[in-house]
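Chemist: Let me give you the structure first, and then I'll get to my questions.
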Amino acid sequence: MTNRTLGHELTHWTRHATRLNREFGRKKWGDAGYVIEELVAELGSAFLCAYLAITPEVREDHASYIDSWLKVLKDVKRAVFSAASHASRAIDFLHGLQLEKPEMP
């Protein structure tokens with residue numbers, strides 16, 4: 001598992017009701033709620049990589065993966081801003097779990 005994938009999955013982990021209780025009304029794979037959660041996870045991964053000075057690996061399927069989000073991003077005008085806010089909270093939550101806490105940038 002790459003560092004970027006680990007950051008993505010850790011961000012998803014914060015979604016649970018006992019953590020940040022993040023819910024976007026997801027009913028099925030690929031719907032708007034699913035896409036927004038995936039966007040939160042990708043942004044969270046990017047934030048973690050930046051914070052930890054990790055150069056993320058680019059995957060060949062990223063373009064098609066991001067392409068699947070375009071309809072939701074066009075239909076939900078503030079989706080990127082909302083996802084970035086949720087991703088930031090996820091990273092803050094993960095940072096709060098550390099025993100030794102380095103300064104956040």
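Chemist: Return the pair list, or none, for Cβ contacts closer than 6 Å from residues in segment 33-52 that are within 16 Å of ARG15 (Cα to Cα) to residues that are at pLDDT below 90 and of a type in the set (Gly, Ala, Ser), at least 6 apart or on different chains.
Modeler: Hits for this filter: GLY33/GLY25; ILE36/ALA79.
Chemist: Also, quick follow-up: From the list ARG59, ARG19, exactly one residue is in contact (Cβ under 8 Å) with a residue 60 or more places away in the chain and of a type in the set (D, E, K, R). Which is it?
Modeler: Checking each option against the conditions leaves just ARG19.
Chemist: Tell me, please, whether a residue that is at pLDDT below 95 and not in a loop (DSSP other than H, G, I, E, B) can be found in segment 54-62.
Modeler: Checked against the condition, which is being at pLDDT below 95 and not in a loop (DSSP other than H, G, I, E, B), segment 54-62 yields at least one hit.
Chemist: Scanning segment 3-39 for residues that are of a type in the set (Val, Ile, Thr) and closer than 18 Å to LEU94 by Cα, which turns out modelled with the lowest pLDDT?
Modeler: Restricting to residues being of a type in the set (Val, Ile, Thr) and closer than 18 Å to LEU94 by Cα, the top hit is THR5.
Chemist: Just one of the numbered conditions (1) within 23 Å of GLU103 (Cβ to Cβ); (2) surrounded by 13 or more Cβ atoms within 10 Å (Cβ to Cβ); (3) over 15 Å from the mean Cα position of the chain (by Cα) is not true of ALA53; which one?
Modeler: (2)
The values are calculated or read from the model by the stated rules, or taken from the named source; none is laboratory data. Worth saying up front: this structure is predicted, and the values here are computed from it rather than measured. Positions of Cβ are generated from backbone atoms using ideal geometry, with glycine treated the same way; all protein chains shown enter the neighbour counts.
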